[in-house]
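Report on the structure given below.
The values are calculated or read from the model by the stated rules, or taken from the named source; none is laboratory data. Everything quoted here is computed from the prediction, not taken from an experiment. Cβ: placed from backbone, ideal geometry, glycine included. Neighbour counts: every protein chain shown.
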């Protein structure tokens, strides 16, 4: 029998724990068990990431960012009993924030139908810095409303938040090839949206499909 130690699998290598992550997982377990002190500490640790995620998905100037953050944090705590520790709690919270902010965006769009949309509140702050980037983000936000939830989540995490494929796979518990498939389908839908509006073609270049 060989004495050579077995190498960790790709999945276990991706999910190797660090002291900070181990501390977060411990807080999550205690919070899931109803520990109020742990719950408060956990919320304080994940809140900055949740805020950044909600602002990215909705647009920093969106009037319902704070509501989305509060709903995401509530959803995060409510989901802890089912959290398996496959990723850091902050990544788990960010995934919930993506879903929550996307739902808020859909409701906001529904309310805006029939109103004067000549002023895009969502993109005002971004437009001051980079009009092209603001336009791209708004196209993606609109598309997220129409995609299946898993594809929308993968696209938001990858395109809007810059997560790696491994981070998306770890946080969702999905195989890497499944994440690639979701992104490929989401990008195909985005390409169709762009092709339907020639004005976007020169402004919006999609990266090639993930290898």
(request) Find the residue count for the range 162-185, including only residues that are in contact (Cβ under 8 Å) with a residue 40 or more places away in the chain and under 14 Å from residue 144 (Cα atoms). (result) 0
(message) Against the definition (at pLDDT below 90, in a helix (DSSP H, G or I) and surrounded by 11 or more Cβ atoms within 10 Å (Cβ to Cβ)), how does residue 86 come out, yes or no?
(response) no
(message) For the condition buried (at least 23 other Cβ atoms within 10 Å of the Cβ) and touching a helix residue (DSSP H, G or I) at 6+ places or on another chain (Cβ under 7 Å), what is the one hit in 80, 91, 42, 71?
(response) 42
(request) Of the conditions (1) surrounded by 14 or more Cβ atoms within 10 Å (Cβ to Cβ); (2) modelled with pLDDT of 90 or more; (3) closer than 20 Å to residue 137 by Cα, residue 66 clears all except one; give me its number. (result) (1)
(request) Quick one: in the range 19-39, of everything that is over 13 Å from residue 85 (Cβ atoms) and modelled with pLDDT under 85, which residue is surrounded by the most Cβ atoms within 10 Å (Cβ to Cβ)? (result) 20
(request) Could you pull out the residue among 49, 21, 40, 95 that is part of a helix (DSSP H, G or I), free of Cβ contacts under 8 Å to residues at least 12 places away in the same chain and out of contact with any strand residue (DSSP E or B) (no Cβ under 8 Å at 6 or more places or on another chain)? (result) 40
(request) Inspect all residues belonging to the range 175-183 and state whether any of them is out of contact with any helix residue (DSSP H, G or I) (no Cβ under 8 Å at 6 or more places or on another chain), loosely packed, with under 15 Cβ neighbours inside 10 Å, modelled with pLDDT under 80 and more than 28 Å from residue 20 (Cβ to Cβ). (result) no
(message) I'd like to check something: does the range 11-18 contain any residue that is buried (at least 16 other Cβ atoms within 10 Å of the Cβ), assigned to a loop (DSSP other than H, G, I, E, B) and at pLDDT below 95?
(response) yes
